[in-house]
Amino acid sequence: MSDPVRLERSGPRGVVARVTLDRPDVRNALDAASIDALHRLFVALGKEEPTALRVVVLAGEGPTFCAGADIAAMRASADLTREQNEADAMALSEMLDAMDRCPVPVVARVHGAALGGGMGLCAVADLVIAEAGARFGFTETRLGILPAVIAPFVVAKIGETHARALFPGGRRFDATRAARIGLVHEVVEGETALDAAVDAAVSDILASGPTAARAAKSIVREIRGLPHESTRWHTARRIATQRTTAEGQEGLRAFLEHRKPAWQLDDEAGG
């Protein structure tokens with residue numbers, strides 16, 4: 001039996017991790033094995049040093065990014081007790097949380113469709129780039145269930161107003177609407193353009209300081225829910241700390257000396 005998730009390294013010195021859902025025969029639907037594999041993988045990736053891992057690209061093999069829950073797994077859930085269903089749901093929640101907390105910037109390459117749990121994957125990615133023909137949907141209610149586990153991550157991404165409009169009806173929608181509500185950040189025509197846009201996003205992150213890129217991601221979570229006065233002090237301390245690091249000092253010197261900083265390696269391409 002093949003692994004449900006594939007990991008490949010690319011870019012200069014392998015600093016780009018390409019994580020691919022590899023169950024094309026079931027449209028990369030999420031089952032217990034793939035959820036566990038993603039959880040363990042993102043925990044491991046999160047432990048890598050900033051100079052060793054700069055960016056993660058999340059994609060799906062075959063014609064679909066992720067069609068949501070696996071049909072066989074849904075069929076089996078009908079025979080589970082409430083306690084077993086809770087444990088099953090928590091496994092998905094913990095996987096999404098591991099991805100959400102991963103310190104490395106995550107770029108999602110979305111094509112075909114992102115439905116149900118696939119919407120959760122989009123919600124925990126930092127940058128979502130979609131092919132124009134991709135379809136999206138919180139389709140759980142059409143099956144008599146609800147998008148509960150993904151809700152905390154989705155509402156944080158698109159806001160309560162869009163969640164309330166889209167959750168109950170389960171209607172599928174296009175990439176343009178996904179971009180309008182903030183789930184998707186860039187829409188392109190065709191998979192060639194999709195790959196080019198993903199590579200451009202990777203190159204942008206590689207142009208940034210390794211620790212600065214991670215700190216810029218984490219500060220969004222850090223100030224979430226803090227009162228205004230606390231955010232002012234916290235952000236002042238964070239920038240002061242970064243400015244005095246070796247990376248911060250190198251970035252300033254490189255700017256003043258009109259040269260590339262040391263972290264911009266010769267092989268800058270994301271591929």
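Okay, residues lined up against (1) of a type in the set (Phe, Trp, Tyr); (2) more than 19 Å from Pro152 (Cα to Cα); (3) in contact with a helix residue (DSSP H, G or I) (Cβ under 6 Å, 6 or more places away or on another chain):
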position: Val55; (1), (2), (3): no, yes, yes
position: Glu83; (1), (2), (3): no, yes, no
position: Asp97; (1), (2), (3): no, no, no
position: Val106; (1), (2), (3): no, no, no
position: Val128; (1), (2), (3): no, no, yes
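Answer yes if at least one residue in region 191-207 is assigned to a loop (DSSP other than H, G, I, E, B) and more than 18 Å from the chain's Cα centre (by Cα), and no otherwise.
Our first condition is that a residue be assigned to a loop (DSSP other than H, G, I, E, B); within region 191-207, this holds for none.
Taking every residue of region 191-207 in turn, none turns out to be assigned to a loop (DSSP other than H, G, I, E, B) and more than 18 Å from the chain's Cα centre (by Cα).
Taking the criterion of being under 25 Å from Ala123 (Cβ atoms) and not assigned by TED's automatic domain parsing to the domain that holds Phe153, would at least one residue in region 178-201 satisfy it?
So far as region 178-201 goes, no, none of its residues is under 25 Å from Ala123 (Cβ atoms) and not assigned by TED's automatic domain parsing to the domain that holds Phe153.
From the list Arg224, Arg232, Arg237, exactly one residue is surrounded by 11 or more Cβ atoms within 10 Å (Cβ to Cβ), outside the structural domain of Leu127 (by TED's automatic domain parsing) and either of a type outside the set (A, V, I, L, M, F, W, C) or modelled with pLDDT of 90 or more (or both). Which is it?
Selected residue: Arg232, the only one of Arg224, Arg232, Arg237 that is surrounded by 11 or more Cβ atoms within 10 Å (Cβ to Cβ), outside the structural domain of Leu127 (by TED's automatic domain parsing) and either of a type outside the set (A, V, I, L, M, F, W, C) or modelled with pLDDT of 90 or more (or both).
Among Thr241, Thr231, Thr235, which is hydroxyl-bearing (Ser, Thr, Tyr), more than 29 Å from Ala130 (Cβ to Cβ), assigned to a helix (DSSP H, G or I) and in contact (Cβ under 8 Å) with a residue 12 or more places away in the chain? Break it down stepwise before answering.
On the way: Thr241 fails: in contact (Cβ under 8 Å) with a residue 12 or more places away in the chain; Thr231 fails: in contact (Cβ under 8 Å) with a residue 12 or more places away in the chain.
From the options Thr241, Thr231, Thr235, the qualifying one is Thr235.
Could you grab the pairs with beta carbons closer than 6 Å, sequence gap of 6+ or different chains, first residue in region 86-113 and modelled with pLDDT under 95, second one not hydroxyl-bearing (Ser, Thr, Tyr)?
Ala89/Val149
In this structure, does Ala156 turn out to be assigned by TED's automatic domain parsing to the domain that holds Ala29, buried (at least 20 other Cβ atoms within 10 Å of the Cβ) and modelled with pLDDT of 95 or more?
No.
Looking only at region 133-174, which residues are free of Cβ contacts under 8 Å to residues at least 12 places away in the same chain, outside any loop (DSSP other than H, G, I, E, B), aliphatic (A, V, I, L, M) and closer than 23 Å to Asp97 by Cβ?
Val155
So which residues in region 110-131 are touching a Ser or Thr at 6+ places or on another chain (Cβ under 9 Å) and not in a helix (DSSP H, G or I)?
His111, Gly112, Ala113, Ala114, Leu115, Gly116
The values are calculated or read from the model by the stated rules, or taken from the named source; none is laboratory data. Because the structure is predicted, anything quoted here is derived from the model rather than measured. Neighbour counts are summed over all protein chains in view; Cβ atoms, including those assigned to glycine, are modelled from backbone coordinates with ideal geometry.
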